[in-house]
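Inspection log for the structure reproduced underneath, given as structure tokens.
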Amino acid sequence: SWRVSEHEILIEISDQGTGLSDVDLEQVFMPFYSRRPEGTGLGLSIAQKIIQAHHGQIWVSNRPTGGAKFSFTLPRQQPKLSIVPAIE
């Protein structure tokens, strides 16, 4: 899902799986951390760096009904020149 506010855009991605353990919640953005044997553990740490480079934030939580939810925000900035109309 996504929401637009005056200053930022919030995007939330969730699933209905088993959720994440307390250790996973603390480590999921650490480079090279992975529960999967074939995983490199780089995907979420790279995503975090990209979002932070654009002055956003990313976090993860477990949903009360089961599953995990990854959320991130990006600032909403109006470009000086744009052919795309502003979102009101």
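Here are a few things to note about the model shown:
- Restricting region 34-58 to residues that are touching a residue at least 12 places away in the same chain (Cβ under 8 Å) and part of a loop (DSSP other than H, G, I, E, B), the residue that is most open to solvent (accessible area, probe 1.4 Å) is His55.
- Residue within region 14-22 that is at negative phi, more than 12 Å from the chain's Cα centre (by Cα), among the aliphatic types (A, V, I, L, M) and surrounded by fewer than 15 Cβ atoms within 10 Å (Cβ to Cβ) present: no
The values are calculated or read from the model by the stated rules, or taken from the named source; none is laboratory data. Small disclaimer: the values here were computed from a predicted structure and weren't measured. No Cβ is skipped: glycine too gets one built from the backbone with ideal geometry, and neighbour counts run over all protein chains shown. Quick note on the areas: whole protein, heavy atoms, side chains included, nothing else; ligands and nucleic acids left out. Shrake-Rupley method; radii C 1.70, N 1.55, O 1.52, S 1.80 Å.
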